[in-house]
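The values are calculated or read from the model by the stated rules, or taken from the named source; none is laboratory data. Source: prediction; values computed, not measured. Neighbour counts are summed over all protein chains in view; Cβ atoms, including those assigned to glycine, are modelled from backbone coordinates with ideal geometry. In case anyone asks, the SASA skips ligands and DNA or RNA and just uses the protein heavy atoms, side chains included. Shrake-Rupley method; radii C 1.70, N 1.55, O 1.52, S 1.80 Å.
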Amino acid sequence: MMKSWVEKISALCLPARVHVCDGSEEEAATIASEMVERGTFVPLEAKKRPHSFWCHSHPDDVARVEENTFICSKKKEDAGPTNNWKDPTEMYAMLQTLFHGCMTGRTMYVIPYCMGPLSSPLARFGVEITDSPYVVLNMRLMTRMGNEALKLMQGKPFVPGVHSVGMPLKEGQKDSPWPCNPGNRWIVHFPGERSIWSYGSGYGGNALLGKKCFSLRIASAIGRDEGWLAEHMLILGITNPQGEKKYIAAAFPSACGKTNLAMLTPTIPGWKIETVGDDIAWMRFGADGRLYAINPEAGYFGVAPGTSMKTNPNAMRTIAKNTIFTNVALTKDKDVWWEGMDGSFPEGLTSWLGTPWDKGAGKPAAHPNSRFTVSSRQCPIYDKTAEAPEGVPISAIIFGGRRSSTLPLVFESFDWAHGVFLGASVSSETTAAAKGEVGKLRHDPFAMLPFCGYHMGDYFAHWLEMGKKTAPDKLPRIYHVNWFLKDANGKFLWPGFGENARVLQWIFERTSQRGSAHKTAIGYLPDALNVQGLESVNLKTLLTVDRDAWRKECEELSEYFQLFGEKLPKVIAEQLDALRERL
Ligand code: O2Y
Ligand code: MN
């Protein structure tokens with residue numbers, strides 16, 4: 001089946017040659033040296049950052065393109081109001097024209113890969129066909145890719161994905177270091193037949209099809225049909241000073257510090273955090289009735305700016321070698337730099353645009369969405385159970401957003417249905433990392449707005465159904481956190497980063513029936529938090545329910561939920577009514 005599909009795509013895209021990736025080190029080294037030759041990759045100084053490369057993209061190919069992302073379900077109402085939709089037959093016909101001859105003069109790489117540990121019954125296979133060697137090397141870090149995956153996938157279904165940078169090469173035409181076609185980008189999903197087509201971009205989520213396209217958009221549709229969850233969630237292990245360990249999954253919109261939380265270094269003595277994943281969780285109930293999660297990914301595609309020994313020392317150690325850096329700045333002595341990195345500011349930087357950086361011009365040296373790609377195995381706190389085939393049992397699920405007011409530091413839902421309502425209510429203030437106005441409130445239910453492969457109203461209903469699959473006492477407890485509350489002068493009220501462990505401690509203890517709490521209109525709030533050793537924090541303000549602000553929040557939500565029309569589950573509308581009543 002795979003062979004005939006590869007032949008069909010080759011006949012359509014007309015590449016100069018076809019290469020089936022084996023995933024070996026030799027293969028990666030060959031591709032990397034070809035990219036150095038072509039001017040895409042600059043090798044970093046081996047003594048400082050061994051086996052690592054710097055590259056920069058085309059200036060207009062720097063992030064996911066939500067406006068060009070499509071969910072082509074058979075019926076428009078199955079994609080819902082939060083997705084772009086086109087009739088699948090029309091879209092397919094358009095793609096056939098678009099992809100015809102699109103790989104002329106290029107190598108067509110065939111990447112067999114597995115999302116999830118190779119031995120896991122929860123893992124799924126995919127094959128990405130691409131004309132981008134950059135994609136091959138990134139997929140090698142982000143997934144289990146190559147011969148082993150190929151062997152295991154024989155006779156099993158796989159998600160086919162076709163990716164092209166959309167820039168065929170004419171005879172004798174010189175290639176560009178970052179070929180792409182920014183004026184003609186299409187990121188297309190067919191959830192019915194479970195396939196992906198991506199054209200025109202060579203960057204991140206648009207091009208590494210195992211990540212957002214497969215593991216969230218397609219997998220969420222598979223999960224709906226098969227009774228499991230594909231979520232935009234980090235997974236961490238947390239161990240208390242007595243050696244008791246639990247696992248927590250947490251969903252935050254993009255640019256809210258998921259990687260930092262997943263790799264957190266606790267400031268409270270005796271507590272330990274280990275990382276299972278920083279972006280995506282696939283979860284289903286095990287035979288014991290508990291919810292188990294795997295991280296389908298094998299690497300991190302993390303935001304570089306703001307990452308430092310202060311904010312995320314584990315990430316800094318992870319990227320000490322074997323790392324691809326995209327759109328950060330390059331130093332004179334061939335190392336990398338970005339805004340918010342430790343140490344003094346280096347002179348003679350090359351900016352992410354590949355030109356000498358003019359400090360006085362007021363533009364950042366690294367693009368705000370610049371990235372490092374690195375294998376999870378290099379993370380010093382990579383949790384051994386991250387490779388467990390059965391996954392890890394989840395005790396708590398956290399939702400959060402970047403909110404300067406209203407949402408307290410932490411609160412617990414009354415039950416599963418209320419927790420689903422909290423997930424549906426997630427919103428976040430926009431940052432410079434995303435396109436558009438900074439500081440605007442964007443609703444982002446379950447942090448899945450750009451990633452849900454079907455109607456968001458049906459997705460809420462699926463979450464509610466999942467809560468009926470096991471006994472209530474086996475379900476994870478659900479929380480909402482907000483690290484970003486500000487005072488009247490715009491100063492953050494909570495120190496964040498390693499101090500967030502104090503909030504995780506309360507959550508940990510709540511799931512062991514220990515941490516004390518009181519009932520409020522919005523949920524259970526902590527009676528106290530461990531703030532020992534922390535300089536003056538205003539816990540009263542951090543843990544308050546501002547009724548007037550919450551009444552406004554309800555109005556906002558009520559208006560937003562109208563978007564889902566008939567598909568908004570009655571339970572969610574009732575949760576909102578009940579909240580209003582309690583306020
Ligand atoms: O802009 C991109 O293509 C990357 S987006 C991304 C990458 C890693 C993890 N999360 C995200 C996201 O947007 O949520
Ligand atoms: Mn993400």
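Which order do peptides 90-99, 255-264 fall in by mean Cβ count within 10 Å, highest first?
255-264, 90-99
Got a sec to turn the phi values of region 130-146 into Karplus ³J(HN,Hα) couplings, 6.51 cos²θ - 1.76 cosθ + 1.60 with θ = phi - 60°, whole Hz, x for Gly and Pro?
The phi angles translate into 8, 9, 10, x, 4, 5, 4, 5, 6, 5, 5, 7, 8, 9, 8, 10, x Hz.
With both bridge residues required to lie in the chain, what share of the DSSP beta bridges run antiparallel, to the nearest 5%?
Expressed as a percentage, antiparallel bridges in the chain total about 65.
Let me check I've understood the local charge: for Thr267, count other residues with C-beta under 15 angstrom from its C-beta, Lys and Arg +1, Asp and Glu -1. What total comes out? All intermediate terms of the calculation are to be shown ahead of the outcome.
On the way: positive: Lys272, Lys310, Arg502; negative: Glu499, Glu535.
Within the 15 Å Cβ shell, the charges total +1.
Within 9 Å, Cβ to Cβ, of Ile235, how many net charges do the neighbouring residues add up to if Lys/Arg are +1 and Asp/Glu are -1?
Cβ neighbours under 9 Å give a net charge of -2.
Determine the shape class of region 81-145: with a ≥ b ≥ c the square roots of the Cα gyration tensor eigenvalues, call it rounded for a/c under 1.5, and otherwise prolate if a/b is greater than b/c, oblate otherwise.
Oblate, since a/c reaches 1.5 and b/c is not below a/b.
Given an 8 Å cut-off on Cα distances and at least 6 residues of separation, report the relative contact order of region 300-378 as a percent.
45
Work through the residues other than Pro112 whose Cβ is under 14 Å from its Cβ and net out their charges, Lys, Arg +1 and Asp, Glu -1.
+2
Taking region 297-373, which GluC sites (Glu not before Pro) meet the DSSP loop condition and have no more than 11 other C-beta atoms within 10 Å?
Glu347
Could you go through region 240-248 in sequence order and give the Karplus-derived ³J(HN,Hα) for each residue, using 6.51 cos²θ - 1.76 cosθ + 1.60 with θ = phi - 60°, rounded to whole Hz, and x for Gly and Pro?
Karplus-based 3J(HN,Hα) across region 240-248 equals 8, x, 8, x, 7, 10, 9, 10, 10 Hz.
How much length, in nm to one decimal, is gained on full extension between Tyr560 and Ser308, taken as 0.36 nm per residue of separation minus their Cα-Cα distance? Show your work: numbers first, answer last.
Working: separation 252, 0.36 × 252 = 90.72 nm, distance 3.70 nm.
Length gained, Tyr560 through Ser308: 87.0 nm.
Could you calculate the contour length gain from Thr267 to Asn240, that is, 0.36 nm times the residue separation minus the distance between their Cα atoms, to one decimal place in nm?
Stretched out fully, the Thr267 to Asn240 stretch lengthens by 8.5 nm.
Counting pairs of alpha carbon atoms under 8 Å apart in space and at least six apart in sequence, what relative contact order in percent does the chain give?
The normalised contact order for the chain reaches 14 percent.
Got a sec to turn the phi values of region 535-544 into Karplus ³J(HN,Hα) couplings, 6.51 cos²θ - 1.76 cosθ + 1.60 with θ = phi - 60°, whole Hz, x for Gly and Pro?
Taking θ as phi minus 60°, the curve returns 6, 2, 10, 8, 4, 4, 5, 5, 10, 10 Hz for region 535-544.
Modelling each spin label as a point 7 Å along the Cα-to-Cβ direction, I'd like the Phe492/Ala578 distance in nm, to one decimal.
3.4
Please calculate how many Å² of accessible area the chain carries per residue, with a 1.4 Å probe and no DNA, RNA or ligand atoms counted.
Counting only protein heavy atoms, the per-residue value for the chain is 40 Å².
Hey, can you rank 46-53, 237-244 by average C-beta count inside 10 Å, highest first?
So the order, starting with the most tightly packed, is 46-53, 237-244.
Could you please state how large a percent of the accessible area of the chain is carbon and sulfur, counting protein chains only and using a 1.4 Å probe? Don't jump to the answer; show the numbers that get you there.
Numbers: 12120 of 23140 Å².
Reported share for carbon and sulfur atoms: 52 percent.
Mind ranking 268-281, 518-531, 486-499 by how tightly packed they are, going by the mean number of other C-beta atoms within 10 angstrom, highest first?
Those peptides, ordered most packed to least, come out 268-281, 518-531, 486-499.
Excluding residues fewer than 8 places away in the same chain, name every one of the lysines whose C-alpha is closer than 21 Å to that of Lys151.
Within the straight-line limit of under 21 Å, Lys151 reaches these lysines: Lys3.
Relative to the present Cα-Cα distance, how much length would full extension add between Val36 and Ser405 at 0.36 nm per residue of separation?
Working it through step by step, the gained length comes to 128.0 nm.
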